[in-house]
1. Between Ser108 and Val22, what is the label-to-label distance in nm when each label sits 7 Å out along the Cα-to-Cβ direction?
2. Between segment 88-103 and segment 35-74, what is the C-alpha centre distance in whole Å?
3. Of Lys34/Lys63; Lys34/Lys86; Lys21/Lys86; Lys63/Lys86, which ones are farther than 26 Å apart at the Cα?
4. Can you give the FRET efficiency to the nearest 0.05 for Asp48 and Asp14, using r as the Cβ-Cβ distance and R₀ = 45 Å?
5. Hey, can you rank 115-125, 50-60 by average C-beta count inside 10 Å, highest first?
6. What order, most packed first, do the peptides 71-79, 3-11, 130-138 have when packing is the mean number of other Cβ atoms within 10 Å of each residue?
7. Extension gain Glu139-Thr93, at 0.36 nm per residue separation less the Cα-Cα distance, in nm?
Amino acid sequence: MDYRAIVPLLTYPDRMSRCLKVLAEESLDGTALKPHHVPFIFAVGTRDGVSQKELCAVIPVDKSRVSTVIHELMGLGLVYNGSSRKTWDIRLTDAGREAFRTMERGLSSLCEEIFGPVPEEDLREFVGMTVKINARVDEVMASRLVRRPLLSITGTMGCYYIEEKFEPHRFNGCGTNHL
């Protein structure tokens, strides 16, 4: 394959990240929420109770960052720990559920703004290809990190934390950064 054919793909992740960050900041303006809270509200809101370990599996950040953001959200009154055991059971409060619904509406609007002109069949095909490419990126990164571990990989909107033992589910090559 001629590398020139994929040049537009090389700029896509950063371009999309910048766009999503700007749109998230606009939609969160006037609230105490920050863009890095969004994936956490979605992850907790789409599950009926979730542990910090489970959050690490779905949001590409390390466990200390998960803990920090969960405590921020607790301080904002959006989540609570529904367990008295060592393993947390993180759930949305009523205010958190309202924030989740507001974010869902915002995400629908954002998707329409960005992807509205794209035919649905093309969008489905693009998403399918993206899933395949992300899986391959995970494989390539895993093989490289076994030989030469990286401490972190930084994107436009934040950091993906990579530990010496590469965990493919924690590096998905896309998503928000500065989580």
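1. Label at Ser108, label at Val22, 2.5 nm between them.
2. 12
3. Lys34/Lys86; Lys21/Lys86
4. Step by step, r from the Cβ atoms, then E = 0.80.
5. Going from most to least packed, we get 50-60, 115-125.
6. 71-79, 130-138, 3-11
7. 12.8 nm
Coordinate-derived values only; no laboratory data. Source: prediction; values computed, not measured. Every residue, glycine among them, receives a Cβ derived from its backbone with ideal geometry; neighbour counts consider all protein chains shown.
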